[in-house]
Amino acid sequence: MSTDNNQVRVRFAPSPTGYLHVGGLRTALFNYLFARKEGGKFILRIEDTDQKRSITGALENLITTLTRTGLHYDEGPDIGGDFGPYIQSERLDIYKEHIQKLLDSGHAYYCFCDEDRLERLREDQRSRKIPPMYDGRCRNIPKEEVADKLAQGLPFVIRLRYPKEGKTVFDDIVRKRVAIDNSQVDDQVLIKSDGFPTYHFASVVDDHLMKITHIIRGEEWLSSVPKHIFMYEAFGWDVPVFVHLPLLLNSDRSKLSKRQGDVSVESYLEKGYLTEALINFIALLGWHSADDREIYSLSELAEVFSLDRINKAGAVFDMEKLNWMGGTYIRQMEVSYIADQARRFFEEAGIDISNNEKYLKVIATARDYVYCLSMTVEHARMFYDSLTFSEDDRALLAQEDSMRILSYMMSALEGRKKWLPDDVSALVKQAIGELGIKGKGFYFPLRLALFGNCHGPDIPTLVDILGRDEALRRLADAMK
RNA sequence: GGUCCCAUCGUCUAGCGGUUAGGACGCUGGCCUCUCACGCCGGAAACCGGGGUUCAAUUCCCCGUGGGACUACCA
C-alpha cells in the first residue's frame with residue numbers, strides 16, 4: 001500500500017454519538033467523491049476523545065450505516081491501513097508525545113485554573129459585554145512553580161499559547177480568502193484534565209500524521225482554523241487545503257437539528273428510502289453540476305464532482321424533494337431490485353411473500369405509489385390480507401347493479417381456469433356491453449370487491465395479481 | 001454582545017457585465033384514463049435595500065438590512 005507524495009488523501013472524522021447525522025453523511029459523501037474523482041484515498045477516523053459522550057455500539061452502527069450507503073473507505077478502524085490506529089482513543093501516546101513538543105517550544109502551557117473559576121470568569125465577561133475568553137492567568141507561571149504544582153499532583157489542562165497580535169489570513173476552497181483577528185482567538189485547551197486531547201489538537205496531529213491533503217468539513221469549523229494553522233506552523237508542518245462546506249439547515253434556516261425532524265441516516269434507511277436516492281439528494285445540497293442534470297448514481301457523481309462547484313450558502317433539507325427523488329428511484333430501478341430491498345419490510349409485517357411471482361407483480365404495481373420501501377407494504381396489503389369494508393362500501397356493493405356486475409364477473413371467471421390480462425380486458429368490455437353499465441358505475445363496485453378500494457390499479461392487473469381463484473373468492477365475499 | 005460567513009422563485013439551484021434570468025421539488029391548469037397513482041404538456045413564482053464603478057449591473061466594490069455559525073476541559 002504505497003502512497004505517492006501528491007496523492008489526495010481525505011478523511012471523514014465523525015465522533016460516535018450513536019447515529020450518523022445526515023449532515024455527516026453529506027460531509028462523508030463530498031470527501032468520498034473528491035477522493036474518487038482524484039484517484040485518492042478516503043479515510044474513516046473516529047474522534048472519540050470525549051469520554052462523557054462515548055456510547056457503546058455507536059462505532060459499529062456508524063460503520064454499518066456508512067457501508068450501507070456505499071461510501072466505502074480505503075482506510076479505517078475495522079479495515080486498518082498504513083496510518084493507524086484510526087480511533088483517537090487508541091492514539092493517546094501519540095498526542096502525549098506531540099503535546100510535549102509544543103510545551104517544549106513554548107507554543108503550549110500548563111493551566112491550573114479549575115472549571116469553577118473559568119465559569120465565573122466567563123459570566124463576568126458576558127455581563128461586561130466583552131467576548132468570553134481565557135484571561136491568561138496561567139500563561140506565564142514560572143517553570144519551577146509549574147514543576148511544583150505538577151509534583152503536587154494538581155489537576156491541569158494544557159492550553160495553546162496563541163498570539164494576541166496581528167491577524168491570520170488563510171484560503172479556503174469554498175470561502176476564498178478569510179481573515180480573522182488574532183485577538184479573537186482563545187487560548188484553546190489542547191489536552192483536557194482527563195488527559196484526552198480536544199478536537200483541535202487531535203485532528204491537527206492526526207491529519208498531519210495521516211497525510212491528509214484536504215480537510216473537507218462543515219462550516220462550523222471555519223472560525224477555529226487560525227488555531228489549527230498556528231499548530232501546523234508550530235510543528236513545522238505543511239498546512240492542508242481547507243474546504244468548509246455550507247451547513248445543512250432546518251426549514252427555519254437554523255442549523256439542521258434533531259428537534260425539527262429526522263436527522264439520522266438510519267431513520268431514513270429504516271423507512272426504506274433507497275440509499276441511491278438519499279445519496280443523490282444529499283449530493284445536491286450545496287453542490288450542483290454545470291448543467292441541469294439532477295439524477296446521478298454514486299459513481300456518476302464521482303465522475304463529475306468538483307470542489308469549485310460547492311456553494312457558499314447553507315441549504316435547507318427539503319423532505320418534499322427527498323420524497324420525490326425517493327419515488328423517482330423506486331420507479332427507475334429494476335423491479336427485482338426493489339423487490340429484494342423491500343423483502344425485509346414484508347417479513348417484518350408478517351406478510352407471506354413466498355409466492356415470488358405474485359410478489360414481483362405486487363411490487364411492480366405498488367411502486368407507482370411510494371417514495372420509500374416501507375410504504376410498499378401498505379400498498380401491497382390489499383393483495384394479501386382479507387378485505388374489510390366500511391358501511392359505505394357495503395352499501396355500494398349491495399346495490400342491484402353492483403350485484404349484477406359481480407355475479408356476471410364471477411360466472412365468467414369460473415368458466416375458464418387460465419386468465420391472461422388481455423382476456424380479462426376483453427371480458428370487462430364484454431361485461432360493460434352486456435350489462436349496460438359503464439364508467440365508474442361499473443368499475444367502482446368491481447374494484448371495491450377485488451381490491452377493497454374504488455381507486456387503484458386497473459381490473460386486468462388486479463385479477464392478474466390475485467389470480468383467478470382468489471379473485472373469485474373475493475367476488476363471492478363481496479356479495480355476501 | 002464580539003468575530004467570521006452567507007444572500008437568485010416558498011425550497012434546492014444555473015448564471016461568472018449585455019439572457020424573454022434557465023432547470024428541479026412543491027403549487028397549479030390540461031392531456032392520458034373508469035378512478036387513483038405513474039407519465040406527458042403548459043402556467044404562476046426570484047435577482048434583500050441604498051450608494052458607487054461602467055456605455056451597461058443579478059453579476060464587481062462599499063454601506064445597510066436580514067439570516068447563520070462560532071464564541072466549552074463537545075465535536
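The values are calculated or read from the model by the stated rules, or taken from the named source; none is laboratory data. Source: prediction; values computed, not measured. Using ideal geometry, Cβ is built from the backbone for each residue, glycine included, and neighbour counts are taken over all protein chains shown. These accessible areas exclude ligands, DNA and RNA; they are computed on the full protein's heavy atoms, side chains included. Shrake-Rupley method; radii C 1.70, N 1.55, O 1.52, S 1.80 Å.
Figures for the structure shown
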{"item": "Qualifying residue in region A:273-282 (condition: away from RNA strand B (no atom under 16 Å from the Cβ), within 21 Å of A:ASN323 (Cβ to Cβ) and touching a residue at least 60 places away in the same chain (Cβ under 8 Å))", "result": "yes"}
{"item": "Hits in region A:283-306 (condition: without any contact (Cβ under 8 Å) to a residue 60 or more places away in the chain and near RNA strand B (Cβ under 6 Å from one of its atoms))", "result": "A:LEU284, A:HIS288, A:ALA290, A:ASP292, A:GLU294"}
{"item": "Test: residue in region A:211-221 that is open to solvent by 40 Å² or more (accessible area, probe 1.4 Å), free of Cβ contacts under 8 Å to residues at least 40 places away in the same chain and not in a helix (DSSP H, G or I)", "result": "no"}
{"item": "Search result, residues across region A:315-358 that are open to solvent by 60 Å² or more (accessible area, probe 1.4 Å) and aromatic (Phe, Trp, Tyr)", "result": "A:TRP324, A:TYR337"}
{"item": "Residues (more than 15 Å from RNA strand B (Cβ to nearest atom) and either at pLDDT below 95 or open to solvent by 10 Å² or more (accessible area, probe 1.4 Å) (or both)) located in region A:41-68", "result": "A:LYS41, A:THR56, A:GLY57, A:GLU60, A:ASN61, A:ILE63, A:THR64, A:THR67, A:ARG68"}
{"item": "Condition met for A:ASP238 (open to solvent by 10 Å² or more (accessible area, probe 1.4 Å), more than 23 Å from A:ASP50 (Cα to Cα) and within 10 Å of RNA strand B (Cβ to nearest atom))", "result": "no"}
{"item": "Filter result for A:TYR232 (assigned to a helix (DSSP H, G or I), over 30 Å from A:VAL370 (Cβ atoms), away from RNA strand B (no atom under 15 Å from the Cβ) and among the aromatic types (Phe, Trp, Tyr))", "result": "yes"}
{"item": "Residue within region A:183-205 that is more than 36 Å from the chain's Cα centre (by Cα) and not charged (D, E, K, R) present", "result": "yes"}
{"item": "Scan of region A:11-29 for residues that are within 10 Å of RNA strand B (Cβ to nearest atom), assigned to a loop (DSSP other than H, G, I, E, B) and either surrounded by fewer than 23 Cβ atoms within 10 Å (Cβ to Cβ) or not hydrophobic (A, V, I, L, M, F, W, C) (or both), ordered by number", "result": "A:PRO14, A:SER15, A:PRO16, A:THR17"}
{"item": "From the options A:ARG309, A:ARG253, A:ARG259, residue that is of a type in the set (Lys, Arg) and more than 8 Å from RNA strand B (Cβ to nearest atom)", "result": "A:ARG259"}
{"item": "Counted residues, region A:443-462 - those being assigned to a loop (DSSP other than H, G, I, E, B), open to solvent by less than 50 Å² (accessible area, probe 1.4 Å) and near RNA strand B (Cβ under 10 Å from one of its atoms)", "result": "3"}
{"item": "Pair list, Cβ under 8 Å, 6 or more apart: region A:319-330 residue at pLDDT 95 or above, other residue more than 6 Å from RNA strand B (Cβ to nearest atom) and among the charged types (D, E, K, R)", "result": "A:TYR329/A:GLU276; A:ILE330/A:ARG367"}
{"item": "Residue list for region A:120-172, filter: within 11 Å of RNA strand B (Cβ to nearest atom), modelled with pLDDT of 95 or more and among the basic types (Lys, Arg)", "result": "A:ARG159"}
